[in-house]
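A short worksheet on the structure shown next.
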Amino acid sequence: MIEILQSILLGIVQGIGEFLPISSSAHLILVPYLFNFPTHSLAFDVALHFGTLIAVLTVFWRDWLKLVQGAFNKVVHKKNSFENKMFWYLVIATIPGALIGKLLEDYVEEIFRNLIPVIAIALAVVGVLIYFGDKWAQKHYKNPTEYKDLTLKQTFLIGLSQALAIFPGFSRSGTTILVGRLLGVSRDACAKFTFMLSTPIIFGATILKFDNLIQEFNIQLVVGIVTAAIFGILSIKFLLNYIKKNDFAIFAYYRVIFALIILVKCIMF
């Protein structure tokens, strides 16, 4: 029963943390540390990512279908369209993050995973950067770029920035949103492009290690998948609605407060 409850909690953490700019990788390390949970297996980690893949595809499958159709129509019928352009922007933006992540994954896993204070500090520092970066962009870009007007330069640099998410505490959505805002992209466009950009990365990470999931498949993994999927869908829809009238400050506050809690535990215990 305790293992199932832990699976539910970590599924919630992954579902929320993957899509809100708060770093799911940091939370999957810091939450077990905070509550003294045992280290979860690689199969469970794959299960959580599979759950968030289900979430993002559930929300954006129509968008991806249109993008693929647009790319197909360009190749077969020579028709230019926004969908064709955005499809290739996403492909190009995915490449640097995927390559850098693959090259550094084992190194980061071995070196940084157990550096709890460093992860907490990274969580807080990026939170501060998100706060001031968003405020700076609001002041300097009176007519920010919307989703349909994104350029190759903007999308490539946003995609490049997600490579930093390999380090726990940085956050894929956090870094891409920060860079997007600094490049003059609107909050709505940053969020949607970040979600679309996460799809191939999560898909690739899941497929490459899917055999681990199959080999250790059990009820705990099923609970993790379902919970991560449900809360992933909720967090995507929440953020898309929330930023229509609000900024990213609440996430920056949360990151700093949670980091301080972790640092206090590190010092006291």
Which ones in the stretch 210-269 are outside any helix (DSSP H, G or I), out of contact with any Lys or Arg (no Cβ under 8 Å at 6 or more places or on another chain) and not basic (Lys, Arg)? Glu216, Phe217, Asn218, Asn246, Phe269
For the stretch 52-66, check the following and say yes or no: at least one residue is part of a helix (DSSP H, G or I), free of Cβ contacts under 8 Å to residues at least 60 places away in the same chain and of a type outside the set (D, E, K, R). yes
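Does Leu152 satisfy being of a type outside the set (D, E, K, R), modelled with pLDDT under 95 and on the phi < 0 side of the Ramachandran plot?
So Leu152 fails the test.
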Looking only at the stretch 115-153, which residues are within 17 Å of Ser173 (Cβ to Cβ) and outside any helix (DSSP H, G or I)? Leu150
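Mind telling me which of the residues Gly169, Gly204 ends up being under 19 Å from Asp45 (Cα atoms) and either in a helix (DSSP H, G or I) or of a type in the set (Lys, Arg) (or both)?
On the way: Gly169 fails: either in a helix (DSSP H, G or I) or of a type in the set (Lys, Arg) (or both).
After ruling out the rest, the residue left standing is Gly204.
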Among (1) touching an Asp or Glu at 6+ places or on another chain (Cβ under 6 Å); (2) closer than 22 Å to Ile12 by Cβ, where does Ile262 come up short? (1)
Among Ile267, Ile230, Ile214, which is farther than 22 Å from Gln6 by Cβ and out of contact with any strand residue (DSSP E or B) (no Cβ under 9 Å at 6 or more places or on another chain)? Ile267
Checked Ile225, Ile236 against criteria (crowded, with 22+ Cβ neighbours inside 10 Å and either farther than 15 Å from Ile22 by Cα or touching a strand residue (DSSP E or B) at 6+ places or on another chain (Cβ under 9 Å) (or both)); the one match is Ile225
Identity of the residue in the stretch 175-188, in a helix (DSSP H, G or I) and surrounded by 24 or more Cβ atoms within 10 Å (Cβ to Cβ), that ends up farthest from the chain's Cα centre (by Cα): Arg181
Pairs returned, first residue in the stretch 170-186 that is at positive phi, second residue that is in a loop (DSSP other than H, G, I, E, B), beta-carbon separation under 7 angstrom, 6 or more apart or interchain, are Ser171/Pro21; Ser171/Ile22; Ser171/Ser23; Gly184/Tyr141; Gly184/Pro144
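For Arg172, state whether it is crowded, with 23+ Cβ neighbours inside 10 Å, within 22 Å of Trp88 (Cα to Cα), over 14 Å from the mean Cα position of the chain (by Cα) and charged (D, E, K, R). Break it down stepwise before answering.
On the way: crowded, with 23+ Cβ neighbours inside 10 Å: yes; within 22 Å of Trp88 (Cα to Cα): yes; over 14 Å from the mean Cα position of the chain (by Cα): no; charged (D, E, K, R): yes.
When the stated conditions are applied, Arg172 does not pass them.
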Taking interchain pairs and intrachain pairs at least six residues apart, which have beta carbon atoms under 6 angstrom, with the first residue in the stretch 11-22 and free of Cβ contacts under 8 Å to residues at least 24 places away in the same chain and the second surrounded by fewer than 24 Cβ atoms within 10 Å (Cβ to Cβ)? Val13/Val31
What's the number of the condition Phe19 fails, among (1) assigned to a helix (DSSP H, G or I); (2) surrounded by 18 or more Cβ atoms within 10 Å (Cβ to Cβ)? (1)
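The values are calculated or read from the model by the stated rules, or taken from the named source; none is laboratory data. Here the structure is a predicted model, which is why all the values come from computation and not from measurement. Using ideal geometry, Cβ is built from the backbone for each residue, glycine included, and neighbour counts are taken over all protein chains shown.
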